[in-house]
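See structure below.
The values are calculated or read from the model by the stated rules, or taken from the named source; none is laboratory data. In this text, all values refer to a predicted model and were calculated from it rather than measured experimentally. Glycine also receives a Cβ, built like all others from the backbone with ideal geometry; neighbour counts cover every protein chain displayed.
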Amino acid sequence: MKIISIANQKGGCGKTTTAINLVSSLGANGQKVLLIDLDPQAHATLGLNCDDQNSIYNVISNITPRKLSIRDIIQTVNEHFDIVPSNVLVGTLEQELADEIGREMKLLEVLSGLKEAYDYVIIDCPPSLGFLTVNALRASHEVIIPVETSRFSVQGVDHLMDIINLIRDRLDHPVEPKVLITMFDSRLRHSFSMMSKIKDKFGGMLLDTIIHVNVKLKEAAVSGKTVLAYDKYCRGAKDYGQLAKELLMRANGKRPEFSLKMRETISQKMEEIAQARFAVQAPAAQSVYVAGNFNDWSISEDFRLKREGDVWNLSVPLKAGAYEYQFIIDGRWQPDPANPRKVQNGLGDMNSLLEVAHG
């Protein structure tokens, strides 16, 4: 029985979507699979329209008036796919077991009685690095870390790797990390730029499968179904089917090659992109952003400048062309004081003008 956790402390990266649809796809490949919802938010339980009256809390807790075994609470989703539900009470386990010896082994002890019942156990972890996640990692052979193509999702991996290393060093339990790119939008050049950085940073930890943005994944969750049951021909179903096949191949000692077509596409896209550097001197500022027609004039953390002494700067991947932009310094919009090239913006103000060329 192989146990795999799905974890990332950053929410909104497709963690629960991955857990639900990976389990479904493994089941479709003839595996008997158990999904454990360890998230107090119970999104996997709710996303499959399962009863949450009894949960993993009733199995692990020592003070619950309704003590149950894990077999008592397992619910069947289909012939290949079962679930252990969660509910809000699971969140109280953190405090309840805070002083108990061996608290990080609770889930492992619970799962020890299921070794012959399942081929795979997939654990949907909470978006935090507390007691529940440590329990999941201690019980697991592998952890899949979903990463969307944004800077903050990548930072979440570093914190999780610290916990993985701690479990290896202090509990003498190695867990193999695998990074999965999720919510990938091939229409955006920023996605390709971030994917290139993710590949450089995580190297051999990166899974070959990429999960693309697909509205059917959200529609399936709303309907209480896996994407395979909702629309087995959609892009989301195909992506998670490919992920299941990749994991099964790796388990058999084979590693599929990263899609040649995708490699060529990434290389082509990256050749079309240059790094445009934005910089402004603002020694008294608390925050500086850049916004322009390259990001629909939106203020977002991906376009927040970093401070180095008195100067704030940021490199942004842009295609060749002319771009208008302004800095937002402590909430106040202003053109670039160091750039003499400016144009009227139709609002009684001036935008700075930047031309990006590729050589």
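The rows are residues; the columns are (1) under 23 Å from C234 (Cα atoms); (2) modelled with pLDDT under 95; (3) crowded, with 16+ Cβ neighbours inside 10 Å; (4) touching a Gly at 6+ places or on another chain (Cβ under 8 Å).
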| residue | (1), (2), (3), (4) |
| --- | --- |
| T18 | yes, no, yes, no |
| N21 | yes, no, yes, yes |
| L26 | yes, no, yes, no |
| G30 | yes, yes, no, no |
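Test each condition in (1) of a type outside the set (G, A, S); (2) surrounded by fewer than 21 Cβ atoms within 10 Å (Cβ to Cβ); (3) over 30 Å from D51 (Cα atoms); (4) under 17 Å from the mean Cα position of the chain (by Cα) for R168 and report the one that comes out false.
For R168, the failing item is (4).
Would you point out the residue of region 51-66, among those that are crowded, with 20+ Cβ neighbours inside 10 Å and either in a loop (DSSP other than H, G, I, E, B) or without any contact (Cβ under 8 Å) to a residue 12 or more places away in the chain (or both), that is nearest to the chain's Cα centre (by Cα)?
Among residues in region 51-66 that are crowded, with 20+ Cβ neighbours inside 10 Å and either in a loop (DSSP other than H, G, I, E, B) or without any contact (Cβ under 8 Å) to a residue 12 or more places away in the chain (or both), the one nearest to the chain's Cα centre (by Cα) is S55.
Against the conditions (1) in a strand (DSSP E or B); (2) out of contact with any helix residue (DSSP H, G or I) (no Cβ under 8 Å at 6 or more places or on another chain), where does K218 fall short? Just the number, please.
Condition not satisfied by K218: (1).
Would you pick out the residues in region 329-359 that are among the aliphatic types (A, V, I, L, M) and either in contact with a Ser or Thr (Cβ under 6 Å, 6 or more places away or on another chain) or within 21 Å of Q275 (Cβ to Cβ) (or both)?
Here is the first cut: in region 329-359, the ones among the aliphatic types (A, V, I, L, M) are 329, 338, 343, 347, 350, 353-354, 356-357.
Passing the criteria: A338, L353, L354, V356, A357.
Report, by residue number, each residue of region 307-320 that is surrounded by 12 or more Cβ atoms within 10 Å (Cβ to Cβ) and either over 18 Å from W297 (Cβ atoms) or at pLDDT below 90 (or both). Don't jump to the end; show me each part of the working.
As a first pass, look at region 307-320 and keep what is surrounded by 12 or more Cβ atoms within 10 Å (Cβ to Cβ): 307, 311-320.
If the condition is that a residue be surrounded by 12 or more Cβ atoms within 10 Å (Cβ to Cβ) and either over 18 Å from W297 (Cβ atoms) or at pLDDT below 90 (or both), then R307, V311, W312, N313, S315, V316, P317, L318, K319, A320 are the ones that fit.
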